[in-house]
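Chemist: Below: one structure in structure tokens.
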Protein chains: 2
Amino acid sequence: MSLLFRGAELDGSARDILVEGDKIVAVGEELAGPLGQLTEIIDCLGLAAFPTLVNAHAHSAMTLFRGAAEDLELEAWLKSVIWPLEAKLTAEDIYWGTRLAALDMISTGTGLCQDMYSDPLATARAARNSGMRFVIDYALIDGMDEDKAAAQRRACKAFFDNLPDFGPNVSFNLAAHSVYATCPSSLRWLGEFGRERDLSLHIHLAETKFEIDSCKKHTGMSPVFYLDSLGFLGPDVFAAHALWLDAADFDLLAERGVKLVHNPASNMKLASGPAFDYGAAKRRGIVTLLGTDGSASNNGLDLFADMKLAALLQKHEYHDPTRFPLTELVASATVLGHEAFGDGAGCLEPGKAADFLLVDLSAPGMIPRRGLAANLVYAGGGGAVDTMVCAGKIIMRHRKIDGAEEVRAEAARLSARLAAAR
Amino acid sequence: MSLLFRGAELDGSARDILVEGDKIVAVGEELAGPLGQLTEIIDCLGLAAFPTLVNAHAHSAMTLFRGAAEDLELEAWLKSVIWPLEAKLTAEDIYWGTRLAALDMISTGTGLCQDMYSDPLATARAARNSGMRFVIDYALIDGMDEDKAAAQRRACKAFFDNLPDFGPNVSFNLAAHSVYATCPSSLRWLGEFGRERDLSLHIHLAETKFEIDSCKKHTGMSPVFYLDSLGFLGPDVFAAHALWLDAADFDLLAERGVKLVHNPASNMKLASGPAFDYGAAKRRGIVTLLGTDGSASNNGLDLFADMKLAALLQKHEYHDPTRFPLTELVASATVLGHEAFGDGAGCLEPGKAADFLLVDLSAPGMIPRRGLAANLVYAGGGGAVDTMVCAGKIIMRHRKIDGAEEVRAEAARLSARLAAAR
């Protein structure tokens, strides 16, 4: 069965897009499906094609905590709300919380998410059933307890020795929570094990001043230099937040080829520190991706909204309306992300993975059409996403997602149960 | 004909809302319509009621320029893009540009807009036909040409002497563009004429450093003190932007009862200056409202998105996650705005104007339901607006707005004509 998307706007012209299996096989005018095969024709009049977005840092299951804590200091937010809730989470909660996150992400244009949370198997079941792509962390967080750390490393190795198969859209990688919550023995081991197994690494880095101060106090080094001293850093590392960095930190990150993930909504909402310095990364050729972070500190998962926020924050903070221009912003949320995670998507060209959105050009903010990307980013593209194709499958069609009602009902039920159990 | 909204969620419970004429006459359980009158019953299962939003500073017709200029310095933005486009605008452009803005605003929850632009009659025709509430400025902008200023004052007086009637949802007030584009003779006259006719005043104030520097150079005073020396300031003044203010400016604004309108998206996108100081306003009891500004510098008109941005900017800039908390943010965009413009709306109570939204509780970001306002503001409420009631009339029903297709087609046509005429 092939899919022929008829007459979608692409780079300003009406184009047909032919999909076979999980690939785009042709883009052009008046295409026909392959001879002798069933081809479904999807009329795309009034729809524009755009790559799916990549959310490079999320804690998906935290959708269940959405709206649980507003306007709180970080310490109160963590200690009085988030940690007590997390202590009660079951695999069922994580499954349905992740399904809800996927529903929100698909509805607003995200087709791939890198997820760090506490139960990779529950997350992976949800990911497989969502239809979108997930890169799921096996994350080590030990509270600096060496016994716990050693046990986690053994469990982690056993997990990857018997890696379960959740289908082609779900892959696993490694994570350390942070330099302050993961023992140095595990940080060193993750670098070694990751490279041995060709697994990328994910970590929260330089998110708060507390992290910098305590790392310097305990190690005499900044978190960046400390991680490097443990052999952690490399081109396979995704470092989320990256707010409290100096020039030497940026230089070393560039030298090691680390990719940064900027989370503007979460950083601003929690008042985590200075603005991420996109210019410092760009000058050094460091790749910047974008993330939503979890729903307790954002609280949406609409990455188009966070693209706008990222651009506005750079322009405001650095007094420069030309900073983080549209083409770079779109690259950060699309092609650079797809390249970093190696899913073969990011461009709508023959041979590429068939991952794209069809955007309703009559939605609020989409008229007039002086520039599709400007409208999507600056005028509310998340609400304009009509259809999503992910790895060759239509996982949302005219805003309908299979199973959405059950996901909403279960997530609402479990969130209420968590609230009652506090 | 009465309207009975059956079982909408309101403050956490299912409530019926009975509307007669332009008023809410009852809110409660199991209400019935008045005897002997036709009553339409609207099933609100799965919908929550929320006040309409107030966009207190917009240039609606600039929707036609949406996406025309991204990532430019202010001077290039104005001189190479915006002013040449504005020089070509016709009344037809302004009519359809304003209709498009109204479409976008209604779709995302805004029920009242204060609009400053160049053709109040074209704007008013569009406002009347949109169904939402508009407060339309008769704006004086003379480029500091005294002859032009005198002619404008005569025309302005003639306009209000023979005030056209555009129905109950459309009212007019006065505006000066700014201290640098409106002669002091007109600034003084506006204060006098406004108070004589009981018309409020609207002005751009302290938006850029250029404005402050040039005002000090020419008058020896800050824009706030200069306006006060001309008798302009009072509780009937809406001052938009208000970025470059010192403590003495804030004190004087508080003493005069001036209301401020914060436009976070525009200010950040154009890198206009420091963040608006909400805390300085709040400590002095100054009312802060919210605005989107025009679509060339935002580019959306979704005020829920800008509520989030306003809160995030305060928290980030002032390193305080408790700043501009949810209740104050909601008040700024709803009840304080409705009070300031005197339309009798802002609360869903008997006797109040029937202006409210019905929000789809299954939309992305609206689950779980730990807090409706948190979800609406922080998780994308604009996309969840299902139905809008404005002055007792249903002007959007299940996201359908009468005449929307014609508005989109005309706005697209005219925007393309403008682009071609450059």
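Chemist: Skipping prolines and chain starts, which residues have an amide H placed within reach, meaning under 5 Å, of the one on A:PHE172, given they are 5 or more residues away or on another chain?
Modeler: A:ILE136
Chemist: Grab the other residues whose beta carbon is less than 14 angstrom from that of B:LYS269, score K and R as +1, D and E as -1, and report the net.
Modeler: -4
Chemist: Per residue of A:261-269, count partner chain C-beta atoms within 10 Å of its C-beta, then hand back the mean as an integer.
Modeler: 3
Chemist: Compute the acute angle (0 to 90°) between the alpha-carbon long axis of helix A:303-317 and the principal axis of greatest extent of the alpha-carbon atoms of chain A; round to the nearest 10°.
Modeler: 60
Chemist: Turning to a different aspect of this structure: To the nearest 10 square angstrom, what accessible area does A:CYS347 show with a 1.4 Å probe?
Modeler: Taking all protein chains as shown, A:CYS347 has close to 40 Å².
Chemist: Can you give the convex hull volume of the alpha carbon atoms of the range B:53-341 per residue, in Å³?
Modeler: Looking at the range B:53-341, the number lands at 119 Å³ per residue.
Chemist: Suppose the chain between B:LYS79 and B:ARG188 were pulled fully straight at 0.36 nm per residue; how much longer would it get relative to their current alpha carbon spacing?
Modeler: Residue separation times 0.36 nm, minus the Cα-Cα distance, leaves 36.4 nm.
Chemist: May I ask for log10 I(q)/I(0) of the range A:281-422 at q = 0.10, 0.14 Å⁻¹, from a Debye sum over the Cα atoms as equal point scatterers with solvent left out?
Modeler: Summing over Cα pairs of the range A:281-422 leads to -0.44, -0.84.
Chemist: What list of ³J(HN,Hα) values in whole Hz, one per residue of the range A:234-243 in order, does the Karplus curve 6.51 cos²θ - 1.76 cosθ + 1.60 (θ = phi - 60°) give from phi, with Gly and Pro shown as x?
Modeler: Once θ is set to phi - 60°, the couplings for the range A:234-243 become x, x, 9, 9, 9, 10, 8, 5, 6, 8 Hz.
Chemist: What dipole magnitude, in Debye to the nearest 20, does the protein assembly as shown give about its Cα centre under +1 on Lys/Arg Cβ and -1 on Asp/Glu Cβ?
Modeler: For this selection, approximately 20 debye.
Chemist: Using only Cα atoms and rounding to the nearest 10 degrees, what angle (0 to 90) does helix A:404-421 make with the longest principal axis of chain A?
Modeler: 20
Chemist: How far apart, in nm, are the 7 Å Cα→Cβ label points at A:THR90 and A:ARG417?
Modeler: 0.4
Chemist: Which far-off residues, 5 or more places away or on another chain, put their amide H under 5 Å from the one on B:LEU140, with H placed in the peptide plane?
Modeler: Here B:ALA175, B:ALA176, B:HIS177 satisfy the definition.
Chemist: Among residues other than B:ILE41 whose Cβ falls under 13 Å from its Cβ, what is the net charge (Lys/Arg +1, Asp/Glu -1)?
Modeler: -3
Chemist: Another question about this same structure. Need the list of lysines near A:LYS315 for cross-linking: C-alpha distance under 22 angstrom, and skip anything on the same chain fewer than eight residues off.
Modeler: Within the straight-line limit of under 22 Å, A:LYS315 reaches these lysines: A:LYS259, A:LYS269, A:LYS282, B:LYS79, B:LYS209, B:LYS269, B:LYS308, B:LYS315.
Chemist: Pop a pseudo-label 7 angstrom from the Cα along the beta-carbon direction at both B:THR322 and A:HIS319 and give the gap in nm to one decimal.
Modeler: Computed distance between label sites B:THR322 and A:HIS319 equals 3.1 nm.
Chemist: Angle check, please: helix B:209-219 long axis (alpha carbons) against the longest principal axis of chain B (alpha carbons), in degrees 0 to 90, nearest 10.
Modeler: That helix lies at roughly 50 degrees to the long axis.
Chemist: A further question follows. Tell me the accessible surface of A:HIS218 in square angstrom (1.4 angstrom probe, heavy atoms of protein chains only), to the nearest ten.
Modeler: Answer for A:HIS218: close to 140 Å² accessible.
Chemist: Roughly what % antiparallel, to the nearest 5, for the DSSP beta bridges in the protein assembly as shown?
Modeler: The antiparallel fraction comes to roughly 45 percent.
Chemist: On average, how many beta carbons from a partner chain sit within 10 Å of the beta carbon of a residue in B:61-68?
Modeler: Across the residues of B:61-68, the mean count of other-chain Cβ atoms within 10 Å is 5.
Chemist: Where in the range B:232-246 is the amide nitrogen less than 17 Å from a point lying 7 Å along the Cα-to-Cβ axis of B:ARG195?
Modeler: B:232-238
Chemist: In what order, largest first, do A:THR219, A:THR288 sit by accessible area if the probe radius is 1.4 Å?
Modeler: Result of the area sort, largest leading: A:THR219, A:THR288.
Chemist: What list of ³J(HN,Hα) couplings, whole Hz, do you get for the range B:189-195 from phi and the Karplus terms 6.51, -1.76, 1.60, once you set θ to phi - 60° and write x for glycine and proline?
Modeler: 4, 4, x, 5, 5, x, 6
Chemist: For A:LYS23, give me every one of the lysines with a C-alpha distance below 18 angstrom, ignoring sequence neighbours fewer than eight places off in its own chain.
Modeler: A:LYS352, A:LYS393
Chemist: Also, I was wondering about something else. Using modelled backbone amide H atoms (1.01 Å from N, in-plane), which distant-in-sequence or interchain residues come within less than 5 Å of B:LYS23's amide H?
Modeler: B:ALA354
Chemist: For the range B:249-265, take each phi angle, set θ = phi - 60°, evaluate the Karplus expression 6.51 cos²θ - 1.76 cosθ + 1.60, and give the result in whole Hz per residue in order, putting x for glycine and proline.
Modeler: Rounded to whole hertz, the list is 4, 4, 4, 5, 4, 5, 4, 7, x, 5, 9, 9, 10, 8, 10, x, 5.
Chemist: Also: Please identify the longest segment of chain B free of exposed GluC sites (Glu not before Pro), where exposed means a DSSP state other than H, G, I, E or B and no more than 12 other Cβ atoms within 10 Å.
Modeler: B:31-422
Chemist: A follow-up question, please. What does the extension gain come out to for A:ARG128 and A:ASP213, with contour length at 0.36 nm per residue minus their alpha carbon separation?
Modeler: 26.6 nm
Chemist: Report the calculated FRET efficiency for B:ALA181 and A:LYS157 (r = Cβ-Cβ distance, R0 = 56 Å), to the nearest 0.05.
Modeler: 0.20
Chemist: A further question on this structure: Within 10 Å of each Cβ in A:410-418, how many Cβ atoms from other chains are there, averaged over the peptide?
Modeler: 2
Chemist: So if we plug the beta-carbon distance of A:ALA248 and A:LYS148 into 1/(1 + (r/R0)^6) with R0 = 30 Å, what FRET efficiency do we get, rounded to 0.05?
Modeler: The value I calculate is 0.40.
Chemist: Also, I was wondering about something else. Would you kindly state how much longer the chain becomes between A:ASP43 and A:ARG399 on full extension, computed as 0.36 nm times their sequence separation minus their alpha carbon distance, in nm to one decimal?
Modeler: Full extension from A:ASP43 to A:ARG399 adds 126.7 nm.
The values are calculated or read from the model by the stated rules, or taken from the named source; none is laboratory data. Computed from a predicted structure; not experimentally measured. Because the Cβ atoms are built from the backbone with ideal geometry, glycine has one as well, and the counts that use them run over all protein chains shown. The protein model used for the area step is the full one, side chains on, heavy atoms only, and it has no ligands, DNA or RNA in it. Shrake-Rupley method; radii C 1.70, N 1.55, O 1.52, S 1.80 Å.
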